[in-house]
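The structure under discussion appears below in the form of structure tokens.
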Amino acid sequence: MGAFLLALPVATGSLLAFGAKNTEARAASAYANWSGVNGSDVVVDFGGGDCPVVVTDETLTFYIDDLPITQEEAEKSTSRVEASYTLENRTAEDVALTMYLPVGFKPDYLSELRGGYSVTVDGDPLDIVNGGEIRERFTYHEKNYYGTAFDLDGELPRKTAMQDDFFYAGQGVTVYTFSVTVPEDGSDLRTFIFRYDANPSRTQVFSAGSGVVGVNNGRGEVYRNVKTGQTQEIVIYAIGDVPKRVEAGVYSMSGANAQLIAGAHVGQPEKRRIDFSAFVQEMYADAGTAVSYLDFYNATVAMLSADSDLRLTSRIDAAAVLENLMLWYEYEVTVPANGSIVNTVTAPLMPDIPSENTGKWLFDYLLSPGQRWADFRAITINIQTPFCLESSTLNFSKTQSGYTFSKDGLPLGELSFVVARKEGMGYEPQPVDGGTPTLTAALIMLGVAVGAAAVVVVVVLCVHARARKKMRAEEEKLKRGRAENGKIDLDPFPDLGGSDGDEKNDKADGQNKRQ
């Protein structure tokens with residue numbers, strides 16, 4: 001996690017759940033167990049070194065006006081979070097800071113990412129428009145991969161092109177384009193298999209579309225679903241050295257027991273060699289997106305380099321990059337010499353929507369980022385709501401408008417609290433359901449995919465290597481086949497057609513979402 005997670009209090013709650021959970025949005029249904037969208041505090045880039053800015057006080061206020069249970073209610077919600085903090089510069093020179101406000105992804109239950117974000121400096125609002133004082137920036141985050149932690153060190157927007165030892169501008173890329181025809185044979189899907197020999201430290205192979213990579217009988221393989229009764233195009237990318245002994249065919253399934261499909265035709269591939277920079281430029285041109293080329297390029301490198309050692313990423317195309325882009329707002333503030341400013345950020349609250357038998361809205365909030373300031377003198381946390389605060393990890397006091405907590409300095413640990421619809425219930429501070437959030441859980445909140453919204457907190461930017469997501473590796477290993485007779489049977493990758501019916505195809509949908 002590095003330096004970023006230790007700055008001002010993070011104003012986000014379970015609202016801020018990182019990767020999307022396994023939820024489904026239905027406009028007319030209620031109590032669907034929907035995930036919100038991750039939000040986070042503002043992260044400051046001081047340009048290296050220790051940030052000299054002191055937080056003299058912060059007021060963090062949750063305005064919980066409603067507790068939505070349907071998409072329609074969520075669309076109309078006015079609940080929000082506001083973080084207002086005073087930044088003091090004790091040096092004899094002005095301090096310029098680049099601030100990044102993580103906005104995240106659209107939550108499951110909204111038709112689009114709605115507004116409600118605002119930033120002010122000493123009461124003067126900044127414009128959130130293209131070319132204005134607040135600019136849209138994007139970074140790559142695999143929101144569909146369960147268990148991924150939000151790494152601020154590695155995922156903050158960059159001002160220059162990302163450098164990687166393997167995925168660099170001049171690296172060679174071999175592009176194979178196959179025309180594949182599969183006869184109708186009573187099955188909807190069959191499996192296209194691309195086989196090759198290569199040193200994985202010198203060659204990385206990907207599919208332009210949802211697929212799976214693996215090893216079978218000592219050879220590298222890429223698997224793709226292909227529809228029967230059709231002719232379609234399959235594109236494979238080999239980054240690095242050109243693979244050897246390349247062959248391809250259409251099979252009944254993946255794994256050691258795969259059988260060639262009679263009558264299927266795989267033509268000789270069109271093969272061309274380009275460099276990595278041209279490869280990304282082609283993808284960017286196909287995307288037709290307003291995302292800057294710098295952000296798109298860095299997102300592509302981040303997607304590939306995150307897993308280059310673990311070989312978990314099997315898909316690379318413009319859609320794979322764009323569907324996992326996290327939105328940030330970028331702006332600058334200057335804290336004058338021997339002076340101070342008040343920076344206030346407001347963001348909508350987009351919490352998880354609970355199941356009917358739960359009826360509780362959980363808010364998780366990181367306080368530990370405040371440890372990164374030169375000093376942190378005081379904090380006040382307010383929860384303004386007509387609803388009941390059922391439990392929390394801090395000792396809130398009841399007020400006429402809700403609940404409040406204050407402390408000199410920064411509290412240790414994180415903040416979690418549960419709000420319920422029932423009014424007049426007794427409140428006793430205690431760990432919320434599930435206990436105090438772990439660091440991993442906290443990152444999931446702090447990230448970008450569930451609802452608390454982004455709020456203010458400043459963290460000093462330190463350049464660290466992007467942490468490898470080993471949790472995902474372990475999860476993936478459990479799903480990769482078993483060894484039988486000296487071979488690796490990859491049939492457990494059920495997103496490859498096959499003859500065993502709908503169960504395979506249903507599982508394929510879930511696996512493809514993660515690729």
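Readers should treat all values here as calculations from the given coordinates under stated rules, not as data from a laboratory. In this text the structure is predicted, and so the values were computed from the model without any measurement. We place every Cβ from the backbone using ideal geometry, glycine too, and count neighbours over all the protein chains shown.
Assorted remarks:
- Computed from the C-beta positions of Asp66 and Thr120 and an R0 of 30 Å, the FRET efficiency is 0.80 to the nearest 0.05.
- Order of Met326, Met350, Met253 - criterion: other Cβ atoms within 10 Å of each residue's Cβ, fewest first: Met253, Met326, Met350
- Gain on full stretching of the segment that runs from Gln171 to Arg273 - 0.36 nm per residue minus C-alpha separation: 35.7 nm
- Percent of Cα pairs exceeding the 22 Å cut-off, where the set is the stretch 159-277: 37 percent
- Estimated Rh, the stretch 54-103: Kirkwood, alpha-carbon pairs, angstrom: 14.2 Å
- This ranking places Leu415, Leu189, Leu260 by how few other beta-carbon atoms lie within 10 Å of each, fewest first, which gives Leu260, Leu189, Leu415.
- Taking a point 7 Å from the Cα of Asp286 along the Cα-to-Cβ direction, the residues of the stretch 161-205 with backbone N closer than 20 Å to it are 167-181, 192-195, 204-205.
- Extended-chain gain in nm, criterion 0.36 nm per residue less alpha-carbon gap, Ser201 and Lys76: 39.9 nm
- Label-point separation in nm, Ala92 to Lys227, each point 7 Å along Cα→Cβ: 7.3 nm
- Residue order, fewest to most surrounding Cβ atoms within 10 angstrom, among Val121, Val173, Val242: Val242, Val121, Val173
- C-alpha center-to-center spacing [the stretch 86-107, the stretch 181-257] in angstrom: 47 Å
- Quarter the surface of the alpha carbon convex hull of the stretch 285-354 and you get the mean projected area, 9.2 square nanometres.
- The HN-Hα couplings worked out from phi for the stretch 156-170 by the Karplus form 6.51 cos²θ - 1.76 cosθ + 1.60 (θ = phi - 60°) are 5, x, 10, 8, 9, 5, 5, 9, 9, 5, 10, 9, 10, 3, x Hz, whole numbers, x standing for Gly and Pro.
- Legend: distances between Cα atoms for Lys76/Lys398; Lys76/Lys360; Lys106/Lys227; Lys360/Lys398; pairs beyond 22 Å are Lys76/Lys398; Lys106/Lys227.
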